[in-house]
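Have a look at the structure below, then the notes.
Taken together, the values in this text are just the output of simple stated rules run on the coordinates, not laboratory data. If you're wondering where the values come from, they're calculated on a predicted model, not measured in any experiment. Every residue, glycine among them, receives a Cβ derived from its backbone with ideal geometry; neighbour counts consider all protein chains shown.
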Amino acid sequence: MFRKSLLGLIGCLLLSFLLLAYPLYVLRPFRYQGPRELSAALAVMRLRPFLEVILVITALMFLIWVWRTTPRISRKIVALLCFLAVASCGVLSRVNVYELLFHPLDKPSFSPAPKTSLDGREQVIAINVNGAARAYPIRIISYHHLVNDVVGGVPIIATY
């Protein structure tokens, strides 16, 4: 009976990990997402909270079953570790990693145009306010999404 319970726990763990990992894999920055896989990843993200709760409850039932029917402490520990891994995936699936990855750039530093290392094909967001000009390279902004700056005495937010 322990093997069936362990297989159930491992199944819960694999599904829980898949629900966590698939959207992260598909929605990586700077990676092309096809319409089907993007649609599937977004559907998984919508259903994930509900499914993770079901998987945690199911894993808890398997853990209780093992705890009550198995006298060996080593088997109980294995079942407990599997349950904790399922619960961890459930908790991690609630974290928006993109909020953790992308922080606004609050104090950008600039160089005069002749001293920059930008090539001629570099895309920038350019702004000119009260005679003060700035250029924000897209490759830098794409990691921060927001740049807080003061240009010509006016506070601005550059975004991409």
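For volume of the Cα convex hull per residue in Å³, several values are listed as (1) 118; (2) 150; (3) 165; flag the one computed from this structure. Answer label, from the structure shown: (3).
Model label points for I64 and V97, set 7 angstrom from Cα along the Cα-to-Cβ axis, are 3.3 nm apart. Amide H contacts under 5 Å for I125: Y136, I138, restricted to partners 5 or more places along the chain or on a different chain, H placed in the peptide plane at 1.01 Å from N.
Taking the chain as the reference, fit the longest principal axis to its C-alpha atoms, fit the long axis of helix 35-69 to the helix C-alpha atoms, and give the angle between the two in degrees, 0 to 90, nearest 10. Approximately 30 degrees, to the nearest 10.
At a Cα cut-off below 16 Å, give the lysines reachable from K4, other chains included and same-chain residues fewer than 8 away excluded. Within reach: K76. What is the angle, in °, between the Cα long axis of helix 73-92 and the longest principal axis of the Cα atoms in the chain? Nearest 10 is fine, range 0 to 90. That works out to roughly 30 degrees. Each residue in L13, L38 was given a count of other beta-carbon atoms within 10 angstrom of its own, and listing them fewest first yields L38, L13. The separation of the range 19-57 from the range 121-160, counted between C-alpha centres, amounts to 32 Å. Counting neighbouring Cβ atoms within 10 Å and putting the fewest first, the residues V147, V124, V95 line up as V95, V124, V147.
Straight-distance candidates among the lysines for linking to K115, with alpha-carbon spacing under 26 Å and chain neighbours fewer than 8 residues away dropped: K107.
So what's the back-of-envelope 222 nm ellipticity for the chain, counting only DSSP H runs of four-plus at -39500 (n - 2.57) apiece and dividing by all residues, rounded to 500?
The per-residue figure over the chain is -19500 deg cm²/dmol.
Mind pulling the angle between the C-alpha long axis of helix 2-26 and the longest principal axis of the chain? Nearest 10 degrees, somewhere in 0 to 90. Tilt relative to the chain: about 10 degrees.
Only bridges with both residues in the chain count here: give the DSSP antiparallel percent, nearest 5. Could the numbers behind the result be given before it?
On the way: 12 of 13 bridges.
Within the chain, antiparallel bridges account for around 90 percent of the total.
Residues E37, E99, ranked from the fewest to the most other C-beta atoms within 10 Å, line up as E99, E37.
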